[in-house]
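Participant: Sharing a structure below in structure tokens format, with a few things to ask.
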Amino acid sequence: MNPALSELQGLFPPGRLLTRPGELAPYASDALTAFRAQPLAVVLPESHEEVVEAVRWCVRHRIPYVARGSGTSLSGGSLPVEGGLVIGLNRMNRLLRLDPKERLAVVEPGFINLQVSQAAAPYGLYYAPDPSSQPVSTIGGNLAFNSGGAHCLKYGMTSNHVLAARVVLPDGQTVVLGSESLENTGPDWLGLFVGSEGLLGIVTEITLRLLPKPEAYHTVLAAYDALEKAGQAVAAVVASGLLPGAMEIMDALAIEAAEAAVQAGYPREARALLIVELEGEAPQVEAEARYLEEVIRQSGAYEVRVAQSQEERLKIWRGRKAAFSAVGRLSPDYLVQDGVVPRSKLGQALAEIENLSARYGLRVANVFHAGDGNLHPLILYNGRVAGELERAEALAGEILQLCVRLGGSITGEHGVGMEKKAYMPSMFTPEDLEAMQRIRQALDPLELANRGKMFPGDHPPHRPPSGPHPLEKAGVIARE
Amino acid sequence: MSETQPLRPTSVAEVQEAVRAYPRLRARGGGSKPALSTPQNGQTLLEMGGLRGVVEYDPSEYVVVARAGTPLAEVAALLAQHGQYLPFDPPFLAQGATLGGTVAAGLSGPMRQRYGGVRDFILGVELVDGEGRRIRGGGKVVKNAAGFDLPKLMVGSLGRLGLLVELAFKVFPAPKATCTLEVAFPRLEEALETLYRLAGSPIELYALDLVPPATLVLRLGGLSEALPARLERLQSFLGQPGQLREGEAEVAYWQGLNDLGHLGAGALVKVALTARRIPALERVLGPAPRRYLCAGNLLYLAWEGKLEELDALLKAQGLSGLVLRGTAPQPQIGIDLAQVFARKVAAALDPQGRLA
Ligand SMILES: Cc1cc2nc3c(=O)[nH]c(=O)nc-3n(C[C@H](O)[C@H](O)[C@H](O)COP(=O)(O)OP(=O)(O)OC[C@H]3O[C@@H](n4cnc5c(N)ncnc54)[C@H](O)[C@@H]3O)c2cc1C
């Protein structure tokens, strides 16, 4: 046996060191299933000290490693490095402390997002970031990707809800970044770490901020006979000075798919649906609802529904949350993109996507976080038809370039990972990327941590996700 | 003491040249935080006021982009014309504080209670690093996850990781109406208990300040038609009517606090903490004028005595502070926040310590 491996056997007991091909198979890819790589081994640490041991072992033997939570990354972030080590953190899944008075929770990295809110619920508190993978994705993965959700415009992404993190640096040293305070008296090192996609270290303990649950919700569903009208309605809501918790749009194809999948009761013939949700203190929400009603009335919606109960509210959301995976029913395969455009360019972006769709002869379903201009175009294709995957990839690439050209970003929440690293130079200059590389190399001169991700360079061919994640097929999670 | 004439760059290229030409530099925006912007030990002063002006602002985007030397007051006035504001509520508007200085010092005000501090609203940054390289990070849209989050790193960087030349922020619609309730309690413990109850409740406050010895100052904001009902609910939650401020007097009250001048003379210091630390701190701070903001997460205090004493006192409490005005060998006092992550990142951006 490889001497490095036998040394690893001394560090991890048999059940927590996986080396046989059958054991490694589940770790060969993340939710970007078309990318696969065979790691040398997987270790499953149960403590901070064991993570340190694993990283030190990697440093000693110059073996690259990838931290892994639940493997739901949509951009290849948790794809193993061929012949490298996977450090699986699912066993470090304890809630270490819940302090309702200070409104914080301290968790291990493998703790599941949704469980934070569940643990906090008895105290009237919740954890705000709500990626649709929240029933399975881990806080460690959320932190590494600065994950978002439907409520980002008002309350921010993961980064705005992490107070402190204990980190094992790529050289095996441990640091604590941040503190329990919302304030700081020096550079925001934690702010840099969050969203660094596993390149700057492995987090082993995280302090999260909890918020009081809003007292009231007001959820409106508006149907339009044209996508532009829904887009203009978003602009009108913003212009009115309202700050809704969420604003989401679905187009005809997405509506069709969602209806087929979960029968949310959406108006089937609509060309676009807009969901707007107000939240907050009851008297404030009631007053805002009156303004919203007026704005929506003037926006040319031909049908407007207001959720009259929590049940009706959840029904509206069920269709929206199922839209991604539901699209899987309309097409054997699909790619999902995650670009951002300035809100005022939404109409233009959608029109150009429609043109591209016609030009490429591929259907595109649109489901998006309209409030923050975060598009999730779903490109439908059939992988068995020769050349369709390549056409779909080319179309996806054009959409990303379009987002950058309109002044936006190549990713709003799914991260760069493997999938979008080739597009980083369209957003950043060589000097910008070089500065980020310098920071990375200062902490990881051997480039062991998540080697081959985020930065453009040698890499296997771009292979974006096709079809639903196995967990989506099983109905466990849905994408947003 | 500065040994050279101050430099007044008016373009990014001139900032780059300055960094390459001088061994040690200290940037100054409006000079409202002199402890952070006064050159020492042969540092050359770089006046950033020449890099000024709003570059992009489309109210419907909730995004404003401006050069770093732009005075906060200019930005605030522009936003106000469109019913918007900087939700992190930075201090020293009337003292000429700039966007760059606010980010570098990492300063927010009472209204950060509602939606967050400067770190939560910065979207993009353009900076010149210690080698004179021009670097951009983040973006100009409200949501973006591409690349390392350099904008957040710059919050509180004190000009030591790079000279900020352009910044992008998320902004929000301003509350249409506000009112403020002041409630006094017999003892600190009761004030703190109420502070905790409020912070854990769905009541949405724009400010939740504690004024020692035992007064809470609470600001409500939103639609004017909903405000009376909300105020009533707040009063019944508190179990007392409190003292109400409304209208222009209310707005003037908060404006009057923006320069922190109410704290009086002495060194002006910011301390990061949580409400849990307040009782112990209150026992040792003596008569120093002070005010706790954001449900006890932020303390501004004026210190008449020697800063060495405050430094020791904060260390003993396990807290860190930042001197904004006053003479200290180092503006960062209290516990030492240095660690290896910090040293390595700083060395990557400023290997020769030109900005240190
Ligand atoms: C159906 C579906 C819906 C989704 N919806 C959303 C959504 O709405 N919003 C959104 O933002 N994302 C969404 N995602 C993407 C994904 O769920 C998130 O990126 C999530 O944060 C990944 O968590 P994970 O535990 O699966 O991490 P993994 O995929 O295992 O890892 C993600 C990255 O984090 C790193 N990492 C993991 N743990 C650690 C650690 N402890 N320390 C340091 N680095 C670590 C990995 O190396 C990798 O780079 C969705 C994915 C799917 C499959």
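The values are calculated or read from the model by the stated rules, or taken from the named source; none is laboratory data. Please read these numbers as outputs of a predicted model, since none were measured by experiment. All Cβ positions, even for glycine, are placed from backbone atoms using ideal geometry, and neighbour counts span all protein chains on display.
Participant: Within the range B:188-200, can you find the residues that are within 20 Å of B:Gly117 (Cα to Cα) and either in contact (Cβ under 8 Å) with a residue 12 or more places away in the chain or more than 14 Å from every other protein chain (Cβ to nearest Cβ) (or both)?
Facilitator: Result: B:Leu195, B:Tyr196, B:Leu198, B:Ala199.
Participant: Now, a different point. Of B:Arg219, B:Arg276, B:Arg245, which residue is at the interface with chain A (Cβ under 9 Å from one of its Cβ atoms) and surrounded by 14 or more Cβ atoms within 10 Å (Cβ to Cβ)?
Facilitator: B:Arg276
Participant: While we're looking at this one, here's another question. Determine which single condition B:Gln352 fails, assuming it passes every other condition in (1) surrounded by fewer than 20 Cβ atoms within 10 Å (Cβ to Cβ); (2) under 23 Å from the mean Cα position of the chain (by Cα); (3) not in a helix (DSSP H, G or I).
Facilitator: Only one criterion in (1) surrounded by fewer than 20 Cβ atoms within 10 Å (Cβ to Cβ); (2) under 23 Å from the mean Cα position of the chain (by Cα); (3) not in a helix (DSSP H, G or I) is unmet by B:Gln352, namely (2).
Participant: Within the range A:408-445, can you find the residues that are within 9 Å of chain B (Cβ to nearest Cβ) and among the hydroxyl-bearing types (Ser, Thr, Tyr)?
Facilitator: Once the filter is applied, which keeps residues that are within 9 Å of chain B (Cβ to nearest Cβ) and among the hydroxyl-bearing types (Ser, Thr, Tyr), the range A:408-445 yields A:Ser409, A:Thr411, A:Tyr423, A:Thr429.
Participant: If you don't mind, another one. Within the range A:18-52, which residues are of a type in the set (D, E, K, R), in contact (Cβ under 8 Å) with a residue 40 or more places away in the chain and farther than 25 Å from A:Phe111 by Cβ?
Facilitator: A:Arg36 - this is the single residue of the range A:18-52 that is of a type in the set (D, E, K, R), in contact (Cβ under 8 Å) with a residue 40 or more places away in the chain and farther than 25 Å from A:Phe111 by Cβ.
Participant: Another question about this same structure. Going through A:Ser357, A:Ser344 one at a time, which residue ends up being surrounded by fewer than 22 Cβ atoms within 10 Å (Cβ to Cβ), in contact (Cβ under 8 Å) with a residue 24 or more places away in the chain, in contact with a strand residue (DSSP E or B) (Cβ under 8 Å, 6 or more places away or on another chain) and closer than 15 Å to A:Ala252 by Cβ? If you could, list the steps in order and put the result at the bottom.
Facilitator: On the way: A:Ser344 fails: closer than 15 Å to A:Ala252 by Cβ.
Sole residue among the options that is surrounded by fewer than 22 Cβ atoms within 10 Å (Cβ to Cβ), in contact (Cβ under 8 Å) with a residue 24 or more places away in the chain, in contact with a strand residue (DSSP E or B) (Cβ under 8 Å, 6 or more places away or on another chain) and closer than 15 Å to A:Ala252 by Cβ: A:Ser357.
Participant: Just to verify a result, which residue in the range A:106-126, among those that are within 14 Å of chain B (Cβ to nearest Cβ) and either outside any loop (DSSP other than H, G, I, E, B) or crowded, with 24+ Cβ neighbours inside 10 Å (or both), is nearest to the ligand (Cβ to nearest atom)?
Facilitator: A:Val106
Participant: Just name the residue that is farthest from the other protein chains (Cβ to nearest Cβ) out of those in the range A:381-401 that are in a helix (DSSP H, G or I), of a type outside the set (Val, Ile, Thr) and crowded, with 22+ Cβ neighbours inside 10 Å.
Facilitator: A:Ala392
Participant: What strands (runs of 3 or more DSSP E), lying completely within the range B:1-68, carry at least 3 residues that are within 21 Å of the chain's Cα centre (by Cα)? Before you say what the answer is, go through the steps one by one.
Facilitator: Details: elements: B:25-28, B:44-47, B:54-58, B:63-67.
The strands (runs of 3 or more DSSP E) meeting that bar are B:25-28, B:63-67.
Participant: Something else about it: A:Leu448: hydrophobic (A, V, I, L, M, F, W, C) and either facing chain B (nearest Cβ under 9 Å) or out of contact with any strand residue (DSSP E or B) (no Cβ under 7 Å at 6 or more places or on another chain) (or both), yes or no? Even if it seems obvious, please write down each step before you answer.
Facilitator: Working: hydrophobic (A, V, I, L, M, F, W, C): yes; either facing chain B (nearest Cβ under 9 Å) or out of contact with any strand residue (DSSP E or B) (no Cβ under 7 Å at 6 or more places or on another chain) (or both): no.
Taking the combined requirement at face value, the residue does not satisfy it.
Participant: Do the conditions hold for B:Ala267, that is, is it of a type outside the set (S, T, N, Q), touching a strand residue (DSSP E or B) at 6+ places or on another chain (Cβ under 8 Å) and free of Cβ contacts under 8 Å to residues at least 24 places away in the same chain?
Facilitator: Details: of a type outside the set (S, T, N, Q): yes; touching a strand residue (DSSP E or B) at 6+ places or on another chain (Cβ under 8 Å): yes; free of Cβ contacts under 8 Å to residues at least 24 places away in the same chain: no.
Judged against the criteria, B:Ala267 is not a match.
Participant: Where in the range A:150-262 are there helices (runs of 4 or more DSSP H), lying wholly inside it, with at least 3 residues that are away from every other protein chain (no Cβ under 14 Å) and in contact with a helix residue (DSSP H, G or I) (Cβ under 9 Å, 6 or more places away or on another chain)? Before you say what the answer is, go through the steps one by one.
Facilitator: Numbers: elements: A:152-155, A:189-193, A:227-239, A:252-262.
It comes to A:227-239, A:252-262.
Participant: Of the residues that make up the range A:129-151, is at least one outside the structural domain of A:Met247 (by TED's automatic domain parsing) and over 22 Å from the mean Cα position of the chain (by Cα)?
Facilitator: no
Participant: Follow-up question, since we're still on this one. Take A:Val175 and tell me if it is within 14 Å of the ligand (Cβ to nearest atom), under 24 Å from B:Asp336 (Cα atoms) and surrounded by fewer than 24 Cβ atoms within 10 Å (Cβ to Cβ).
Facilitator: Spelling it out, A:Val175 is indeed within 14 Å of the ligand (Cβ to nearest atom), under 24 Å from B:Asp336 (Cα atoms) and surrounded by fewer than 24 Cβ atoms within 10 Å (Cβ to Cβ).
Participant: Could you pull out the residue among A:Arg305, A:Arg329, A:Arg359 that is among the charged types (D, E, K, R) and part of a helix (DSSP H, G or I)?
Facilitator: A:Arg359
Participant: In the range B:276-295, what residues are more than 15 Å from the chain's Cα centre (by Cα) and closer than 20 Å to B:Tyr115 by Cα?
Facilitator: Of everything in the range B:276-295, just one residue is more than 15 Å from the chain's Cα centre (by Cα) and closer than 20 Å to B:Tyr115 by Cα, namely B:Ala295.
Participant: Mind checking which residues of the range A:51-87 are assigned to a helix (DSSP H, G or I), within 13 Å of the ligand (Cβ to nearest atom) and under 18 Å from A:Ser6 (Cβ atoms)?
Facilitator: A:Ala54
Participant: Can I ask one more? For the range B:127-175, name all the residues that are more than 7 Å from chain A (Cβ to nearest Cβ), basic (Lys, Arg) and assigned to a loop (DSSP other than H, G, I, E, B).
Facilitator: B:Arg160
Participant: I've got another one for you. Return yes when A:Leu378 is modelled with pLDDT of 90 or more, more than 14 Å from every other protein chain (Cβ to nearest Cβ), in contact with a strand residue (DSSP E or B) (Cβ under 6 Å, 6 or more places away or on another chain) and within 15 Å of the ligand (Cβ to nearest atom) and no when it is not.
Facilitator: yes
Participant: Using the structure shown, decide if A:Ala261 is closer than 19 Å to A:Lys229 by Cα and either within 16 Å of the ligand (Cβ to nearest atom) or in the same structural domain as A:Val367 (by TED's automatic domain parsing) (or both).
Facilitator: no
Participant: Please pick out the residue among B:Leu299, B:Leu322, B:Leu307 that is in contact (Cβ under 8 Å) with a residue 24 or more places away in the chain, surrounded by 16 or more Cβ atoms within 10 Å (Cβ to Cβ), under 16 Å from A:Pro187 (Cβ atoms) and not assigned by TED's automatic domain parsing to the domain that holds B:Thr215.
Facilitator: That would be B:Leu322, the only listed residue that is in contact (Cβ under 8 Å) with a residue 24 or more places away in the chain, surrounded by 16 or more Cβ atoms within 10 Å (Cβ to Cβ), under 16 Å from A:Pro187 (Cβ atoms) and not assigned by TED's automatic domain parsing to the domain that holds B:Thr215.
Participant: Conditions: (1) among the acidic types (Asp, Glu); (2) over 21 Å from A:Arg451 (Cα atoms); (3) surrounded by fewer than 24 Cβ atoms within 10 Å (Cβ to Cβ); (4) in contact (Cβ under 8 Å) with a residue 40 or more places away in the chain. A:Glu82 meets all but one. Number of the miss?
Facilitator: It fails just one condition, (2).
Matching residues to (1) within 11 Å of chain B (Cβ to nearest Cβ); (2) surrounded by fewer than 22 Cβ atoms within 10 Å (Cβ to Cβ); (3) within 29 Å of A:Leu362 (Cα to Cα); (4) away from the ligand (no atom under 16 Å from the Cβ):
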position: A:Leu273; (1), (2), (3), (4): no, no, yes, yes
position: A:Ala282; (1), (2), (3), (4): yes, yes, no, yes
position: A:Arg290; (1), (2), (3), (4): yes, yes, no, yes
position: A:Ala301; (1), (2), (3), (4): no, no, yes, yes
position: A:Arg305; (1), (2), (3), (4): no, yes, no, yes
position: A:Ser309; (1), (2), (3), (4): no, yes, no, yes
position: A:Glu312; (1), (2), (3), (4): no, yes, no, yes
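Quick grid of which residues meet (1) away from every other protein chain (no Cβ under 13 Å); (2) under 28 Å from B:Pro34 (Cα atoms); (3) of a type in the set (Asp, Glu):
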residue: B:Pro59; (1), (2), (3): no, no, no
residue: B:Pro71; (1), (2), (3): yes, yes, no
residue: B:Ala76; (1), (2), (3): yes, yes, no
residue: B:Tyr85; (1), (2), (3): no, yes, no
residue: B:Ala94; (1), (2), (3): yes, yes, no
residue: B:Ala97; (1), (2), (3): yes, yes, no
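Participant: Give all pairs with beta carbons closer than 8 Å in which a residue from the range A:286-299 that is assigned by TED's automatic domain parsing to the domain that holds A:Leu242 meets a residue that is of a type in the set (Phe, Trp, Tyr); count only pairs at least 6 apart in sequence or on separate chains.
Facilitator: A:Ser299/A:Tyr224
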